[in-house]
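The values are calculated or read from the model by the stated rules, or taken from the named source; none is laboratory data. Note that the coordinates shown come from a computational prediction; the quantities given were computed from them, not determined experimentally. Because the Cβ atoms are built from the backbone with ideal geometry, glycine has one as well, and the counts that use them run over all protein chains shown.
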Amino acid sequence: MSKSTSEKPSKAIKDSLQQEAKAETIAPSLRRYRTVLFLSVLFLAIIVFVLLAFLARTTPAFPIDLQITRAIQSIDSPVFDGLMRLISWPGFSPQSTIVTLLIGLVLYLFGLHWEAVTALLASLLSGLTNQLVKILIQRPRPSVDSVDVFAVLKSYSFPSGHVMFYTILFGFLWYLAYTLIKPSLPRSLLLVLLGGLILGVGASRIHLGQHWASDVLGAYLLGGLMLAGIILFYQWGKTRFFLRQPVTPSDSKKE
């Protein structure tokens, strides 16, 4: 065998080792970047929510709230109106309780026991936190004198309970579908459906005149923060409880 021929395999091995070493060097820096970015977004969301909550505590409605509500309510379409009512319907009691229990049951029957427990806990924490913040802020809901109100509700307005419920519960289901289900058309449709519900419920609460846009924004912020906490709690607990669980693609790669 010639010298040039023997050098080719060794050069290929050397190049391969260099690429692996480079990848190992990049991976920690990428993880640090993602961690810093994640923490920065959380910190910014906390600051914006606290500021918005303080303003909502002292201001019944902002001028832009009224403008946004009138713009959305000016859409004269029976289809749009029906869609807005349909999206909000599962968020009212007792439907919200039934939906939560059904989701927990379906997850449990599919063998996703820890996922079912986490989903039920997420729904419970969503309702309790929402009621606590509403009592602290005590912001009145939009009045029939200023906008069209679908049905007068007696509870406080900030933040929207519907938006928090959808963001936390359906957001957690979106995360489970994305991580546990293999890429496919049904998975894509499920992700679109869940994402559509989360985004659409904000517009529906404004369209029905039961929340201001700032109530909706506050609910998305607080709901997003709680969703991040729920996902971290789920990831922490899935390696400690109900160990016979499906694993995410990232977990299978680690093994």
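With the condition kept exactly as written, say whether any residue in region 105-118 is touching a Ser or Thr at 6+ places or on another chain (Cβ under 7 Å) and of a type in the set (Phe, Trp, Tyr).
No, region 105-118 has no match at all.
Of the residues Gly209, Gly195, only one is small (Gly, Ala, Ser) and in a helix (DSSP H, G or I); which?
Gly195
What number of residues within region 142-169 satisfy the criterion of being part of a helix (DSSP H, G or I) and either touching a Ser or Thr at 6+ places or on another chain (Cβ under 7 Å) or surrounded by fewer than 21 Cβ atoms within 10 Å (Cβ to Cβ) (or both)?
5
Test each condition in (1) in contact with a helix residue (DSSP H, G or I) (Cβ under 6 Å, 6 or more places away or on another chain); (2) within 14 Å of Leu208 (Cβ to Cβ) for Glu115 and report the one that comes out false.
(2)
On the basis of being closer than 30 Å to Pro140 by Cα and either among the β-branched types (Val, Ile, Thr) or at pLDDT below 85 (or both), does Val36 make the cut? So that I can check it myself, show each step before the final result.
Working: closer than 30 Å to Pro140 by Cα: no; either among the β-branched types (Val, Ile, Thr) or at pLDDT below 85 (or both): yes.
The answer is no for Val36.
Anything in region 100-112 that is within 23 Å of Ser160 (Cα to Cα) and touching a residue at least 40 places away in the same chain (Cβ under 8 Å)? List them, or say none.
Thr100, Ile103
Ser4: closer than 26 Å to Trp174 by Cβ, among the polar types (S, T, N, Q) and either exposed (fewer than 12 other Cβ atoms within 10 Å of the Cβ) or modelled with pLDDT under 80 (or both), yes or no?
No; evaluated as a whole, the condition is false for this residue.
Among His113, His162, which is the only one that is touching a Lys or Arg at 6+ places or on another chain (Cβ under 6 Å), closer than 26 Å to Tyr234 by Cβ and not hydroxyl-bearing (Ser, Thr, Tyr)?
Exactly one residue qualifies, and that residue is His162.
Please go through region 212-238 and give me each residue that is closer than 30 Å to Ile75 by Cα and assigned to a helix (DSSP H, G or I), ordered by number.
Hits for region 212-238 are Ala213, Ser214, Asp215, Val216, Leu217, Gly218, Ala219, Tyr220, Leu221, Leu222, Gly223, Gly224.
Test Val201 against the stated conditions and say whether it is loosely packed, with under 15 Cβ neighbours inside 10 Å, within 18 Å of the chain's Cα centre (by Cα), farther than 18 Å from Ile137 by Cα and modelled with pLDDT of 95 or more.
Criteria not met by Val201.
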